Structures are given as C-alpha cells and as structure tokens.
Amino acid sequence: MSKEEMIENYTKKYSEITTEHSSIESQLYDDFGVKRGLRDKNGKGVLAGLTKISDIRSNEEVDGKLVPCEGQLYYRGYNIYDLVSGFESHRRYGFEEITYLLLFGELPTQDQLKEFSQILLESSHLPRNFTRDVIMKAPSKDIMNSLTKSILTLASYDKQVDDLSLDNVLRQCLKLISTFPRLSVYGYHAYRHFDCDDSLYIHRPDPNLSMAENILRMLRPDMKFTDLEARVLDIALVLHMEHGGGNNSTFTTRVVSSAGSDTYSVIAAALSSLKGPKHGGANIKVVEMMADIKANVKDINDEDEVRNYLTRMLNKEVFDKRGLIYGMGHAVYSISDPRAQVFKGFVEKLALEKHRDNDFGLYSMVAKLAPEVIGEKRRIYKGVSANVDFYSGLVYSMLNIPVELYTPIFAMARIVGWSAHRLEELINVDKIIRPAYKSIMEEKEYKDVSER
C-alpha cells in the first residue's frame, strides 16, 4: 500500500468517526433557541452591530405589520437607483465616485473626485519584481487563492503592517482597492501561460482610464473594449461594492478586525469567505445552469418546455440534482433585488450590442417563470425573485471574462465595502466579537490508554 493510499484510508475511516461523535440532532437547535446561520426560521438575521455604511430594505410597516416590499439598497443614505442614474446620466464612470462615498460618507466634489482618483492611481503600484517573484510563482486555476497569496505577501513589504491608526489603515485599504485588479488579472494570465501553455500578457493600467476600463485593458490581449462594455462592467462593480454588515465576507471582516489583526490578514480572511460557492461563486452556477437548459430544452422560446425543465430541476431530476434554481431568491430580498432591477436594463443593451438577445430572452423568461415554479413546489416564507447574481454571470460571459475571474471581479468591488466596514469597526468598537455556543456534550470518566 502506498503512502497516499494509507492516508486516504485513514482519513476516510476517521472522518466517519468524527461525524458519529460530532453530529447534533436538529431538534436541539430549536430546544435551545439557537438560530442556525445566525438567522431565524423566517430568515431574519441576529442583530450583531450598527452601521452607517449601507441599508437594505425588503419590507415596510402597514397597519402595524411588516409586509414585503420592493427591495431597496442605500449607500451612505443614497438610494442605489439615484447613484447609478446620477453618474450614468452624465456618462461618468462610477467606481471611483462611489468608492469615495462609501469610505468617507459623502459624495465628492469634482476636485475631490479628481484628487481621489489620482491617489488611487498612485496607490496601485506593486513592489519591484512583485509580478515576477510572487504572482508568476506557483500559479493556480483558483485565482481567489492566488489573490489571497498576493495580499498576504504584500504585507511583508509594508513597514507599518501592524499600525492600526486610522490614517495608516486607510492607506492600506486604498492600496488594496487599487491593486486588486492587477493582482487578479495578472494571476489569471500566469495560470493561462504556465498551466495552459497560452501566451503571456502583462499590460500595465493606463493612468487616463477608469478602474473598469483598465480591468478590460489588462485582461484582453489587444487591450481593446467598447464604451458600453466598460460602462456595464463599471455598473456591475458599483452594484457589488457593498451590501450591509451581515453578509458573510463583510461579517468576517468585522470579526477579524475586532481581533486586532492587520489589514492584509483581514482582507485575506474576507477573500476566503467570498470564494465559497454559497457566497461569491453563485453567478458561476447560474451560467452553468443556463447552459444546461439550452442543451436540454428543445425549444428555449417555448415557455411550457422551459417551465417543465425548471420543475424537473426543483425535483432533483436534472442539472446538478440539488433541487435549486440558481440566481433566484435572496436571504433578505423577497419581491425584488434592487441591484438586479438596476442591472437588467444595462444587460439588455449589452446583449443587443453582442448579438446575444436570444440569451437575454431566455434569462428574462427564466426570471419570470422560476418564481412561479418555486411558489408552486416549495413552502416559502417570503417571495422569490431574480437576484444580482442571476444577471452578472451573463454580463461577464458577454464581456468574454473567463469563469476563473468571476469571483475575483466580485472581490474587486466588495473590497470597497470591506474597507469601509473595517474602518467603522476600528472607530467605534473596542471589543473582540465572541458569540456564545451552548455545549451539549456528555461528561466522561478518564481512562488510561492501557484500559481503553
């Protein structure tokens, strides 16, 4: 027996033993009033803190009762609809402007925005030979792991890595916000070159371009992109920037910040949370699901055929047989996800430019039919609607962004929210986050090893 086989047999045996001694009866969670996932049976989260950064609204009070309403998302008190309409109506790119808002709490003047954009540009430089010595070494198909490695390595170049003063933490956050695109895209190119025998492209960002434009410039071999492509990606970044303190990766940011850890360690922890398929990887599953529908439904324009396939999907008969329709529903929103509502119109414009209107038509049909099918087949405590992940996967595919970069692009946006929450945690709270767990173990009498 080889060493690998010996280890495999051992771990299989003892994982079964671990399961036997670690399993907890579901009823006990109810008996002790434990909210699994820190959410009650109706999906309402446990109140763990206060924030001024964003607000999510999914219900309103009518005659003394809370009833579901159209979802609303606010950044620093501003409705996301108004923010996107504000910069888009003047054909400005919004990433830099909304980053300023989330970090500092107010919208910038023209001069402040110009100065801030310059600071982001100056913060984007990587240490000498960092691309060669770190990013090119041990490349991986998992770009989130490559990104995390790069972030932790950047800490060794920072002489003030452990300084928790607000100005230093802000400096570090601006550094990471501005370098995330380079670290991610260069990591992808390294993987394609060394693991897939593809050509190697390392394009430097153009100081005259926006963040969204530079992402496409660095990613594409010819560095070319259309105005609409860059604007739709810019809007995607803005919509993914922040979503309250209760989402998994932002809560991770708060938890690790409360322990007094440095900025690089905090963001690495948040990245590890985001890469989970239950969090940042959801749009990949949507793309896979839609490809499966196109491959197995004879006429994707026939609502009855599509509805039947969605029903079979819920019945665990087709696709991954998990009984899920991906991109549908949200932990908070019920009637609508405002991010999806904002995004949909821009997605349609891009689909027309890319001659992908048939794909957009299928997405629109599934967005209409899936809530009906789920409502018929599932007992649900609130409404179900398409969420932002439902459309973002289609956008990334139309932008020819490789699947390996879907979650890193989410990270390029959400790093802004993480930074704002880290700063807010350091300013207001000086206690380590330490929730309680009820022990239900049985006490046992110790026996010497010879008697076991």
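Rg to Rh ratio, the stretch 57-170, alpha-carbon atoms and Kirkwood radius? Could the numbers behind the result be given before it?
On the way: Rg = 20.2 Å, Rh = 18.1 Å.
Reported Rg/Rh (Cα atoms, Kirkwood Rh): 1.11.
In the stretch 159-249, if the dipole is taken from +1 on Lys/Arg beta carbons and -1 on Asp/Glu beta carbons about the Cα centre, which of P207, V185, A230 is farthest to the positive end?
Positive-most Cα among the choices belongs to P207.
Rounded, prolate or oblate: which fits the stretch 133-207 when a ≥ b ≥ c are the square roots of the eigenvalues of the alpha-carbon gyration tensor, with rounded for a/c under 1.5 and prolate only if a/b beats b/c? Could the numbers behind the result be given before it?
Working: a/c = 3.05, a/b = 2.01, b/c = 1.52.
Prolate shape, in that a/c is at least 1.5 and a/b is the bigger ratio.
Measuring from the lowest to the highest alpha carbon on each principal axis, how far does the chain reach, largest first, in angstroms?
Sorted largest first, the three principal extents are 73, 61, 61 Å.
Sorted by average packing, counted as other Cβ atoms within 10 angstrom per residue and highest first, what order do 185-191, 352-358 take?
Numbers: 185-191: 24.7, 352-358: 13.6.
Most protected by this proxy first, the peptides run 185-191, 352-358.
Please give the length that would be gained between N208 and H125 if that part of the chain were fully extended, namely 0.36 nm times their separation in residues minus their C-alpha to C-alpha distance (nm, one decimal). Write out the running numbers ahead of the final one.
Values: separation 83, 0.36 × 83 = 29.88 nm, distance 1.50 nm.
Result: 28.4 nm gained on full extension.
Return the lysines within reach of K298: Cα separation strictly under 27 angstrom, same-chain partners fewer than 8 residues apart disregarded; answer none if there are no such residues.
The reachable lysines, counting only those whose Cα sits under 27 Å from K298, are K285, K316, K321, K344, K349, K354, K368, K377.
Would you work out if the stretch 282-398 is rounded, prolate or oblate? Take a ≥ b ≥ c from the square roots of the eigenvalues of the alpha-carbon gyration tensor; rounded if a/c is under 1.5, else prolate when a/b is larger than b/c, oblate otherwise.
Values: a/c = 1.75, a/b = 1.16, b/c = 1.51.
Here the stretch 282-398 falls in the oblate category.
Could you sort 424-435, 407-418, 66-77 so that the peptide with the highest average Cβ count within 10 Å comes first and the rest follow in order? Present the calculation step by step, with values, prior to reporting the outcome.
Numbers: 424-435: 12.4, 407-418: 26.1, 66-77: 17.2.
Packing proxy ranking, top to bottom: 407-418, 66-77, 424-435.
What are the lysines whose alpha-carbon lies under 24 Å from the alpha-carbon of K65, with same-chain residues fewer than 8 places away excluded?
Those lysines meeting the cut-off are K35, K41, K44, K382.
Under unit Cβ charges (Lys, Arg +1; Asp, Glu -1), what dipole magnitude, rounded to 20 debye, does the chain have relative to its Cα centre?
Values: 59 positive and 65 negative charges, 57 e Å.
Charge dipole of the chain: 280 debye, to the nearest 20.
When you count, for each residue, the other Cβ atoms within 10 Å and take the mean per peptide, how do 143-156, 111-124 rank with the highest first? List each step's numbers first, then the result.
Values: 143-156: 20.6, 111-124: 15.1.
The peptides rank, most packed first, as 143-156, 111-124.
No value in this document is a laboratory result; all are computed from the given coordinates. Computed from a predicted model, the values in this text were never measured in an experiment. Please note: Cβ atoms are built from the backbone with ideal geometry, for glycine as well, and neighbour counts cover all protein chains shown.
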